[in-house]
Amino acid sequence: MKQILGILLLTIALQACDSGSNKKDTLPSITITATEKGHVYLNGQYTGYTTPAELKVSKGDHVFAVATDESRQYLRREVNVTEDTDIEFTPNDAPEPKVWKALWLGVHEVTGMSAKGRCSSRFSKDELDAGFDFFQWSIDNQFHPMSYNTMKWEVERKDIQTPIELHKASNTWFTLEPESIVELLPEVKAGNYDAVFVFWRESEGDCSFQSSYFGLAWTDPLNDPIKTGYITIKFNAGDDLNENINWYKENDPGVWVHEWLHTVGETYYQNRGERLPEKGDDGLVLHAAEKYHYTYPWMDWYSDFMSGRVKDLGSANTFCGIGPEALLQKSLRESAME
């Protein structure tokens, strides 16, 4: 009796193994190719594969995509999978990009109580033009390609001629607060812009508002009164503004995209259900680059952060970050109106 029972249990176990094996074997096989090499995504998540690739997926609705290396396009298809399928992506599979709206503000003059008394620092019209060109260069060379052109930034420029009083925080930093901007520009409010970028001069002659930062970003925009990403760039023009801008382009080109990523990469996309990297030692997600083994000037970090290809710590095949699919879905200003 004991022997018969043992044989029966073994038979059931083998049937169970066969059943599981057959189930795995019957998962549809999806072959992914593209007209150029690219990274393969499944349902918005990077798979770790590049084209050509073969994926085993469950039957049902899925989003397949390829982020191309050279043309920096995100090619996607929504497919109801019922059987083995070959998907060849072409440029025709690129979706319409999501429009994001930026307001760039050139501040002609800031005033405040410096170490040498009350004074002002000013940008000329030509210098503000150079600052705006630097920002637009970053949009064209970083924001758009790092998003695989799932974003299309529409940029509006305004120059502020009225002198703006700087705020001096308890940590001795001089800052240009959003309240000062809203007082002059009431159109800076929920639903109008995804981000406001403010460009002002740190020092001129003996007047210095030097502080230990280059840019500042407000990291929880939907909980701020203006419900808009807010970034200030405190630029040290030195003796030659254009020379300093060229230095940043060559040595630290990601300064604009860095500050913008703070506005969406600290709380916004996490609250939308995306899985982003862990926080750095200072409590900021974007400052975790070294923790994930990236190096200065961090351009690969910004790119992987935006494209959802930051390799999880301690894992060889799972990834985190925003991702092109998430960038397509909803802009910050649209979320501000919900």
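Filtered by the rule that a residue be surrounded by fewer than 17 Cβ atoms within 10 Å (Cβ to Cβ) and of a type in the set (A, V, I, L, M), segment 156-167 gives no residues. If you go through segment 134-154 and keep only what is surrounded by fewer than 17 Cβ atoms within 10 Å (Cβ to Cβ) and either modelled with pLDDT under 95 or not in a helix (DSSP H, G or I) (or both), you end up with 152, 154. Here residue 248 passes the criteria (1) out of contact with any Pro (no Cβ under 9 Å at 6 or more places or on another chain); (2) of a type in the set (Ser, Thr, Tyr); (3) assigned by TED's automatic domain parsing to the domain that holds residue 326 except the one numbered (3). Does segment 170-191 include one or more residues that are in contact with a helix residue (DSSP H, G or I) (Cβ under 8 Å, 6 or more places away or on another chain), assigned to a strand (DSSP E or B) and assigned by TED's automatic domain parsing to the domain that holds residue 123? Taking every residue of segment 170-191 in turn, none turns out to be in contact with a helix residue (DSSP H, G or I) (Cβ under 8 Å, 6 or more places away or on another chain), assigned to a strand (DSSP E or B) and assigned by TED's automatic domain parsing to the domain that holds residue 123. Among the candidates 279, 227, the residue that is charged (D, E, K, R) and within 23 Å of residue 180 (Cα to Cα) is uniquely 227.
Of all residues in segment 91-103, those satisfying the criterion of being outside any strand (DSSP E or B) and surrounded by 12 or more Cβ atoms within 10 Å (Cβ to Cβ) are 91, 93, 94, 95, 97.
Being modelled with pLDDT of 95 or more, farther than 28 Å from residue 98 by Cβ, touching a strand residue (DSSP E or B) at 6+ places or on another chain (Cβ under 7 Å) and not acidic (Asp, Glu) is a description that does not apply to residue 311.
The residue list 84, 133 contains one member that is farther than 30 Å from residue 26 by Cβ and either charged (D, E, K, R) or touching a Cys at 6+ places or on another chain (Cβ under 8 Å) (or both), which is 133.
Mind checking whether some residue in segment 232-244 is polar (S, T, N, Q), within 28 Å of residue 120 (Cβ to Cβ) and not in a helix (DSSP H, G or I)? Yes, some residue in segment 232-244 is polar (S, T, N, Q), within 28 Å of residue 120 (Cβ to Cβ) and not in a helix (DSSP H, G or I). With a requirement of 2 or more residues that are of a type in the set (S, T, N, Q), in contact (Cβ under 8 Å) with a residue 12 or more places away in the chain and surrounded by 17 or more Cβ atoms within 10 Å (Cβ to Cβ), the helices (runs of 4 or more DSSP H) lying completely within segment 257-338 that satisfy it span 299-307. Pick out the one residue from 203, 180, 208, 170 that is farther than 15 Å from residue 132 by Cα, of a type in the set (Ser, Thr, Tyr) and within 27 Å of the chain's Cα centre (by Cα). None of the others qualify; the one that does is 180. Scanning segment 52-74 for residues that are within 24 Å of the chain's Cα centre (by Cα) and part of a loop (DSSP other than H, G, I, E, B), we see that the one that is surrounded by the fewest Cβ atoms within 10 Å (Cβ to Cβ) is 70. In this structure, residue 226 does not qualify as assigned to a helix (DSSP H, G or I), within 29 Å of residue 332 (Cα to Cα) and either at pLDDT 95 or above or charged (D, E, K, R) (or both). Scanning segment 104-120 for residues that are surrounded by fewer than 23 Cβ atoms within 10 Å (Cβ to Cβ) and out of contact with any helix residue (DSSP H, G or I) (no Cβ under 8 Å at 6 or more places or on another chain) turns up 109, 111, 112, 113, 114, 115, 116, 117, 118, 119, 120.
Restricting attention to segment 173-195 and to residues that are among the hydrophobic types (A, V, I, L, M, F, W, C) and more than 27 Å from residue 151 (Cβ to Cβ), the residue that is surrounded by the most Cβ atoms within 10 Å (Cβ to Cβ) turns out to be 174.
The values are calculated or read from the model by the stated rules, or taken from the named source; none is laboratory data. Quick caveat: nothing in here was measured; it's all calculated off a predicted structure. Positions of Cβ are generated from backbone atoms using ideal geometry, with glycine treated the same way; all protein chains shown enter the neighbour counts.
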